[in-house]
Structures are given as structure tokens and as C-alpha cells.
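The values are calculated or read from the model by the stated rules, or taken from the named source; none is laboratory data. Keep in mind it's a predicted model, so treat the numbers as computed, not measured. Heads up, the Cβs are rebuilt from the backbone with ideal geometry, glycines too, and the neighbour counts pull from every protein chain shown.
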Amino acid sequence: MEKQMRSWRNQLYDRPKKGGDKLLIEALLKNQIIENQELSGMLAAVDGNPAFFYKKMPTAAGPGTLYPYVIYDVKMRESSIQNVRGTLLLSVYFGNDSNFDEAAATALKQLELTLINVISGTFYTANAQAPSVCAIWNHSKAIKPNINGEGNSETTQAWGVKLSFDLMSLPMQTTTDPDPIRTMREWSASTFNSAKVIPCNSMPCIWQPTTAPAIYWRLSSLTVSDDQSHNTAWLDCQITGHVIMPSATDRITWLKTIAEELSIVGEIPITAETTLSIKKMEVNPEANQLFEGQITITGSYGLTRKESDGWTGHRLMNVNTTHDGIDLSITRKSGQSNNGI
């Protein structure tokens, strides 16, 4: 199994970057389903493997006669903030009997829940250099057979369910020193040993958090602070934290724990010359753990001025720049004094 996984890692690493996240999901998801004994026992078998097909059922598999089976598709799109977002779609076809009794409905529901438990919260990672892609269940919709002109089954006269999962890649955000995001990653890794701080060098190809979450930090904005001095240039940064794990109850517990630890610490060393001071923090447990992030931190850090910088106290009105698609526009805040920037 390990030899096979290494082979997949090499194949994925050699693929071109364009569409790489989509190919990653297709390859690793298929393996995840095949290796799951519970799901293997709930799906029909084709050539000794679960009936789990990409986009369509092979003709040789006998469409319309082999149940239950799953058709899956991966749709990815570029995102200016998180690099790549997308959707994983599963269409589960359970049977074509016009009389869909209670026992069949119960079995279909169990198959749906098992697929959600297996996939939702999973991180797919090709190698240490590639960003992880996380899948989170979004919603399910029943498939009803076309009986007497009614129903919404698109490809067969079958009962079933459609499952939709959100996908997002979590790339490393590396900038120059002082780097507040690297600081948050290192602090989280040393403070919460059981959690995985994304990106993680020891990330398995397929991993799902259970008792401890995945933690991901990203830079949302930079603003020139009101607090300026002749010797130090101060920046305010907004950092967004994502705490990802399947259990909503466990997520809330971890959000509270992280917030309390940050409140106690107050500031975190970035370099020997400056620290990240926590000025404000908001935690929203209801925020989307994948796309939005539940923790918003406003922090500040200083840059030591040099005499060669020639700073005379004149105002810096606007500096516009971007990094990896992130708007890092630096704008003088309203109400700033004439002695500030």
C-alpha cells in the first residue's frame, strides 16, 4: 500500500500545475473509497473494486443493472484569495425499483452518511511541496426516478441522492521578515501539539482530523498604523484563522481554547527586533470553516527605521501592492495626526 501511495505521489508531482488540484482529488479520492472497507461493503463490486466511477459508468459495468453505484465529478476554479476553490459532486444511485420501501430508504441514508463521514473534513495532499486540498460536505439532494413523468433522475430510472462537497486549497503564505503568518503557524504548532498546522511537512496523502483540528492562518490585510515614531514604523495586520474538523462541538471547544491562549499571551515574538501584538480578536463559530475562517485577529508589529531611510515625518498617503492575489494595499488611516505617516 505504501509503495502504491509513493507511486501516486510521484505521478501527481510530475503533472503540470494547471488542473493539478483537480487531478489530485480524482486520484486520491478514488483510492480513499477503494481502501475503505465499510464503503466497499455498501457498494456493488466491479473487477473487485467498489462501483465508484468518474463522470460516468463504464459501458462494460452494465448501466442500469448494477446497484448501488456512485458517479463523481470534480469542478475547480481559480480564486484570487485562496488560489483554488471548487466542488466535489457525488451522485449515488441505489436502485431502480418503483417501490422504494422503508428498508431501501434506510440503507440509502446509511450509505449517504457513510460517504459524508469518510470524505467531509479530509485533506488531500500530493507531496510536501503541494498545497493541501480540503473537502467539506455542503448539502445533499434526493434523486427520484422518472415515474409517470415525475422525478429528477438524470441518467437512470433510479432512486438515490446527490452530495455536494466544498473544496479549497490551502497554500503556504510566505512573505518577507517580519512574517506574521509564519509567526502564527509556529506559535500554533508549539502550543497545540495534537493539531496539524497547515501546511504541514508531515501531512499524509489522505488525512482527516478527529480529536484535534487542522489550523490554517492567512493574511487578510495590512494597514499603516496610527502609532508611528521616529525610530519605528508600525503596521496593523488582519489575520484570519481557520479551525477545521468535522465535529461542530469540537470546533467550538478548540476555537475557545485558541482564543483564550492568544488572550493570555497577548504578543508573540516575530523576530529578535519585533513582536506581533494582539490588539483585537473576534471569534465567530458560525462562520464557514473552509471559505471564511472563524478567527479574525488584528495585530501590529514594528519595523525599525534606519537613518538612511530619510524619514522626516511626511505622510505616506497610499501604497498599493499585491502578493499571491492578496490585496496588501497600505493606506493612511483617517484621523491620523500630522506627526504620523
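A few comments on the model shown:
- Evaluated against (1) aliphatic (A, V, I, L, M); (2) touching a residue at least 12 places away in the same chain (Cβ under 8 Å); (3) under 21 Å from TRP137 (Cβ atoms), VAL265 falls short on exactly one condition, (3).
- Entirely in region 225-292, the strands (runs of 3 or more DSSP E) that have 3 or more residues that are of a type outside the set (A, V, I, L, M, F, W, C) and more than 28 Å from VAL84 (Cβ to Cβ): 275-283
- Taking the criterion of being over 21 Å from ARG218 (Cα atoms) and of a type in the set (S, T, N, Q), the residues of region 101-126 that qualify are THR106, GLN110, THR114, ASN117, SER120.
- Of all residues in region 1-51 being of a type in the set (A, V, I, L, M, F, W, C) and under 18 Å from LYS75 (Cα atoms), the one that is modelled with the lowest pLDDT: LEU12
- Extreme residue, farthest from ILE206 (Cα to Cα), among residues of region 94-123 that are under 31 Å from the mean Cα position of the chain (by Cα) and of a type in the set (Phe, Trp, Tyr): PHE94
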